[in-house]
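Reading through the structure tokens given below for one structure.
The values are calculated or read from the model by the stated rules, or taken from the named source; none is laboratory data. Everything numeric in this text was worked out from a predicted model, so none of it was measured. Every residue, glycine as well, gets a Cβ built from its backbone with ideal geometry; the counts of neighbours run over all protein chains shown.
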Amino acid sequence: MPSLLEQRVFLYIFLYKTLDALYIILHTKPSNGDKVKRKDILQKLKRAGFSLVEGGKHTKVYDATGKHFAAIGRHVALDDWMVRKIEKQCGVKIL
């Protein structure tokens, strides 16, 4: 029979691992697997009046007033959660 201390240690380890797994599940980026091509995003932003500035690792998009700005990584396709972030930063509906 394990001692009271061993039982408590086991319980603490079990709870820690369970809570850690729950944290990972709750904080995973939501994605339904949809991806949007980078060139489509840039085309829609350009049509909305944004200017594109090519950088080394990102393309930066600015609106005419300078109020909205977003950096778009050089991936062939971006996950839908990233596109939603770009929409929020730019104030333009892309999806």
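What the table below lists for this structure:
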quantity: Residue tally, condition within 17 Å of the chain's Cα centre (by Cα), buried (at least 17 other Cβ atoms within 10 Å of the Cβ) and modelled with pLDDT of 90 or more, over the stretch 61-81; calculated: 3
quantity: Long-range neighbours under 7 Å by Cβ, at least six apart or interchain, first residue more than 16 Å from residue 84 (Cβ to Cβ) within the stretch 32-52, second in a helix (DSSP H, G or I); calculated: 50/90; 52/42; 52/46
quantity: Residue satisfying all of: in the stretch 26-48; of a type in the set (A, V, I, L, M, F, W, C) and out of contact with any helix residue (DSSP H, G or I) (no Cβ under 9 Å at 6 or more places or on another chain); modelled with the lowest pLDDT among these; calculated: 26
quantity: Of the criteria (1) among the hydrophobic types (A, V, I, L, M, F, W, C); (2) touching a His at 6+ places or on another chain (Cβ under 6 Å); (3) within 14 Å of residue 43 (Cα to Cα), which one residue 71 fails; calculated: (3)
quantity: Residue within the stretch 52-60 that is in contact with a helix residue (DSSP H, G or I) (Cβ under 8 Å, 6 or more places away or on another chain), surrounded by 12 or more Cβ atoms within 10 Å (Cβ to Cβ) and modelled with pLDDT of 90 or more present; calculated: yes
quantity: The stretch 6-30 residues that are within 30 Å of residue 80 (Cα to Cα), paired with ones that are modelled with pLDDT of 75 or more and part of a helix (DSSP H, G or I) (beta carbon under 7 Å, 6 or more apart); calculated: 29/81; 30/81
